[in-house]
Amino acid sequence: MTIFKAESLATETERMDAVLEKQKSAFLAEPFPELSIRINRLNKIHNILVDHRDDFAKSIAKDFSSRSQSETELAEILPLFEGIAYYRSRLKRLMKPQKRRTPLMLMPASVRVVHQPVGVVGIVVPWNFPLFLALSPLVGAIAAGNRAMLKTSEYAPHTGSLLQKVISENFSDDEIAVFTGGVDTATKFTQLPFDHLVFTGSTHVGRMVMKSAAENLTPVTLELGGKSPAIIHQSFPIDEAAKRIAFGKGINSGQVCVSPDYVLCPRHKINQFCDTFAQTIRNAYPTLLDNEDYTAIITEAQKERLQQVLIDAKEKGAELLTINQADEDLSGSRKLPMTLVLGATEDMRVLQEEIFGPILPIIPYDDLNKALEYVNQRPRPLALYYFDWDKARSEKLLKSTHSGGVCVNDTMSHVMADDIPFGGIGPSGIGQYHGEEGFKTFSKAKGVVRKGRINVTHLIAPPWGNLNFRGLQAFQNLRFRKRRTD
Ligand code: NAD
């Protein structure tokens, strides 16, 4: 695999320091970019995607060794167009100061909230969607009026270099700058005193990033991973559930932060689930080796990790159902067939670690409450998928479980809904972006009280105990203290 060598770390660190300084100065000179400037920046990102969509699809395919252009369009490029259009059409409203209530004691005065750009946002990008996960936070950050520095993933070097090139062709580096490089660069990057830092990656690295950011008291948004369950109610048509889950799990060969990580399936429906799931995967991917539609694993090391997870499960007694329709030998490639794991137990890695690949354990349950208990006793996941036509039961489940987001009767599609926040909870993440919440993440909500020419404060000013003050006190007592609330 190609890992493009960045300049020496010292040079790269100096360059990052210098660009941050430049961006901070440029921000001071333009602390509240007006609507037209923000729209212009969003348009430039839109145009980069129009001009380079094929180049990006090719670079991503190179990084993965195999990924279809259609999958890149569906999961990276089209959602970016949507996200840009979302902010373009709502930015004027989002930027407007919000009028708030003036308490009696401050009258007459106006009270409002101004959403002010924070300054320079740092964005750390993982390899699995190396374009979407770079530009989606960037779009939110620039919509909110910020400048940004990005650090791409060392495991998606072709996409990182292309992004660096096209961004530098369209933006000055005091507006947006892209850095490539490995863990050393990433470590230095996350130590920079940004005004906000967005990190997308593993929970393990997320902890380190938060520690680095704490040194500067830099606010963080951590978009992490975890084990996202899919729960099927016993009344839901099992073939339909299997088909919908198979579609989601097949995307990027399961290398998605919100990929269904395991399925809680009514015990008596397991066989039928497996049959339909396997058939759906076979239909979608009749061959694997030379079939671009079936995405390869990003690196040899990741493939090896996933194979070890399977070996561990098998050695400890699980049954593996490998879906390789054409029975191809994939050993010389980075492809790994989709594999269902039956009879998994708690001592197996497959139930302990985030899978992040084409492996899906199916866990039987007899009682839905027990299935929910299973989910609630584990770290809060990034996503939860529930299959049930019954709306009342779904609502109840929503309130009795925690997860970053939810799809009812589907998987992963909540990521595409621009008007809702996206982010985890606890070990699956902190904070959110997308939609109005994203705009607020990248803004400082500043409370402002404005007094006019008429000022009545002097009427109650000391010496305390004056008649006006006592009148005010008596009135407020009447309103609150003397009326107990139950
Ligand atoms: P990773 O944590 O290994 O790396 C992510 C980024 O962090 C890379 O750019 C890397 O260079 C950088 N990095 C590595 N070590 C670092 C350190 N010590 N200090 C600072 N930065 C460092 O994650 P990955 O393997 O690229 O991606 C897979 C993980 O990301 C999975 O856990 C997945 O669930 C998660 N993920 C989450 C989301 C989300 O939106 N919540 C999206 C995609 C992936």
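Before moving on, here are some points about what is shown:
- Between helix 157-170 and the chain there is an angle of about 40 degrees, using the helix long axis and the longest principal axis of the Cα atoms.
- Cα principal axis extents for the stretch 117-262, largest first, Å: 56, 33, 29
- Surface accessible to a 1.4 Å probe, per residue, for the residues of the stretch 216-360, Å²: 39 Å²
- Rounded to whole numbers, the Karplus 3J(HN,Hα) couplings from phi for the stretch 246-252 are 4, 4, x, 5, x, 4, 6 Hz, using 6.51 cos²θ - 1.76 cosθ + 1.60 with θ = phi - 60°, and x at Gly and Pro.
- Dipole orientation for the stretch 442-481: of the candidates N466, Q476, G452, G452 has the Cα lying most toward the positive pole (charges on Cβ; Lys, Arg +1; Asp, Glu -1).
- Each peptide in 393-401, 153-161, 332-340 receives the mean, over its residues, of other Cβ atoms within 10 Å, and ordering these scores from highest gives 153-161, 332-340, 393-401.
- The stretch 338-385 and the stretch 239-309 have Cα centres lying 14 Å from one another.
- When you count the other C-beta atoms within 10 angstrom of each residue and take the mean per peptide, 223-229, 345-351, 56-62 line up highest first as 223-229, 56-62, 345-351.
- H458, H414, ranked by accessible area, largest first (probe 1.4 Å): H458, H414
- Ordering V341, Q325, Q272 by the projection of their Cα atoms onto the charge dipole of the stretch 241-386, which places +1 on the Cβ of Lys and Arg and -1 on the Cβ of Asp and Glu, puts Q272 at the extreme positive end.
- According to the Kirkwood relation over distinct C-alpha pairs, the hydrodynamic radius of the stretch 4-149 is 17.8 Å.
- Stokes-Einstein diffusion for the stretch 224-382 at 10 °C, viscosity 1.306 mPa s, with a Kirkwood radius from C-alpha pairs, works out to 101 µm²/s.
- Taking the square roots of 5 times each eigenvalue of the Cα gyration tensor of the stretch 380-485, largest first, gives ellipsoid semi-axes of 50, 21, 12 Å.
- Between 0 and 90 degrees, the angle of helix 9-29 with respect to the longest Cα principal axis of the chain falls at about 40 degrees.
- The charge dipole of the chain, taken about its Cα centre with unit charges on the Cβ atoms of Lys, Arg (+1), Asp and Glu (-1) only, comes to about 3660 debye.
- Helix 391-400 axis versus longest C-alpha principal axis of the chain: approximately 70°, rounded to the nearest ten.
- Spread of Cα-to-Cα distances over 10 Å intervals beginning at zero, given as percent, for the stretch 172-246: 16, 34, 18, 15, 15, 2
- Spin-label zone in the stretch 415-431 - amide nitrogen under 17 Å from a point set 7 Å from the Cα of S70 along the C-beta vector: none
- Translational diffusion coefficient (Stokes-Einstein; Kirkwood radius from C-alpha pairs) of the stretch 29-106 at 20 °C, 1.002 mPa s, in µm²/s: 140 µm²/s
- When DSSP beta bridges are restricted to pairs lying wholly in the chain, around 35% turn out antiparallel.
- Within the accessible area of the chain (1.4 Å probe), percent carbon and sulfur: 54 percent
- Radius of gyration over Kirkwood radius for the stretch 309-456, both on Cα atoms: the Rg/Rh ratio is 1.16.
- Sorting W127, W464, W389 on solvent-accessible area from highest to lowest, probe radius 1.4 Å, gives W464, W389, W127.
- Per-residue [θ]222 nm for the chain (sum of -39500 (n - 2.57) over DSSP H runs n ≥ 4, rounded to 500): -13500 deg cm²/dmol
- Candidate lysines for bridging to K399, where Cα separation is under 24 Å - those fewer than 8 sequence places away on the same chain excluded: K227, K370, K391
- Förster-model FRET efficiency, 41 Å R0, D290 and K243, C-beta, rounded to 0.05: 0.95
- Mean accessible surface per residue for the stretch 363-463, computed with a 1.4 Å probe while every protein chain stays in place, in Å²: 55 Å²
- Positive-end extreme of charge dipole, the chain - chosen from S25, A213, A57 (charges on Cβ): S25
- Binning the C-alpha pair distances of the chain at 20 Å intervals from 0 yields a P(r) profile of 22, 48, 24, 6, 0 %, listed from the shortest bin outward.
The values are calculated or read from the model by the stated rules, or taken from the named source; none is laboratory data. Not measured: the values here are computed from a predicted model. Positions of Cβ are backbone-derived with ideal geometry, glycine not excepted, and every protein chain shown enters the neighbour counts. Side chains are part of the model used for accessible areas, which takes the heavy atoms of the whole protein and leaves out ligands, DNA and RNA. Shrake-Rupley method; radii C 1.70, N 1.55, O 1.52, S 1.80 Å.
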